[in-house]
Amino acid sequence: MFLSNHIKLVSVVVIALVLQGCADRNMTDLREFVADAYQDKKPEIEPLPEIQPYKGFEYGAVEENDPFRFDNIISNRGDESIVSGKRPDADRIKEPLEEFPLDALSMVGTMSQKGVPWVIVKTTQGTALLASIGNYLGQNDGKITQIFPEEQRVVLVETVIDPAGRWVTRDVEITIDEQ
């Protein structure tokens, strides 16, 4: 066993010496190949695109009237107040369902007690409250004027400011949510 290992070691050393003798220390053939290999081929490089200078947007209507100013929406004629028409009662105590906008309230049902129709309204907080004709809903002073239990709908009148600056009323209808 010792002899076979000794023979393997000697053969490896002899092969290494033979290979080292064959090697060119200056690697002249490799250097010549690298120098000549791509001498006649030039890489094609596309020219860079012409860069256009940045031209920023120039707002030209600086001297014009601002369309978003309140004065441009509401006409101010003489002694008239800016907002005219029948205003909602600011001294009225707000009801619990007036904290929520109408789109945050959902009608879940109606009921009747002693001939008086009631609507069941669910808030985004998950609570359900009862309201009847004369109660207020939403943030635009929406007063319930009619409840139709058979049709599962409620009609209320809201008081809002129109673009001309007048207080106007509008009818809003809420129906039961089908889920």
Requested in this report: Output the number of residues of the stretch 117-141 satisfying the condition of being of a type in the set (Ser, Thr, Tyr) and in a strand (DSSP E or B).
Outcome: 2
Query raised in the report: Within the bounds of the stretch 86-93, is there any residue that is outside any loop (DSSP other than H, G, I, E, B), surrounded by fewer than 10 Cβ atoms within 10 Å (Cβ to Cβ) and either free of Cβ contacts under 8 Å to residues at least 24 places away in the same chain or of a type in the set (A, V, I, L, M) (or both)?
Result: no
**Report entry** Where a residue in the stretch 39-63 is at positive phi and its partner, wherever it lies, is exposed (fewer than 10 other Cβ atoms within 10 Å of the Cβ), with Cβ under 7 Å and at least six apart
**Finding:** none
**Report entry** Complete set of residues in the stretch 129-176 that are loosely packed, with under 12 Cβ neighbours inside 10 Å, under 32 Å from the mean Cα position of the chain (by Cα) and more than 19 Å from residue 89 (Cα to Cα)
**Finding:** 163, 173
Report summary line: So, first residue within 10 Å of residue 174 (Cα to Cα) in the stretch 106-120, second residue hydroxyl-bearing (Ser, Thr, Tyr), Cβ within less than 7 Å, six or more apart or across chains; the pairs are 107/175
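Each row is one residue, and each column tells you yes or no for (1) more than 30 Å from residue 165 (Cβ to Cβ); (2) modelled with pLDDT of 80 or more.
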{"residue": "16", "(1), (2)": "yes, no"}
{"residue": "21", "(1), (2)": "yes, no"}
{"residue": "37", "(1), (2)": "yes, no"}
{"residue": "55", "(1), (2)": "yes, yes"}
{"residue": "61", "(1), (2)": "no, yes"}
{"residue": "64", "(1), (2)": "no, yes"}
{"residue": "68", "(1), (2)": "no, no"}
{"residue": "75", "(1), (2)": "no, no"}
{"residue": "84", "(1), (2)": "no, no"}
Query raised in the report: How many residues are under 34 Å from the mean Cα position of the chain (by Cα) and either of a type in the set (Gly, Ala, Ser) or surrounded by fewer than 16 Cβ atoms within 10 Å (Cβ to Cβ) (or both) when one looks only at the stretch 114-128?
Result: 7
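The values are calculated or read from the model by the stated rules, or taken from the named source; none is laboratory data. From a predicted model like this one, the values you see are computed outputs, not experimental measurements. So basically every Cβ, Gly included, is an ideal-geometry build from the backbone, and we count neighbours across all protein chains shown.
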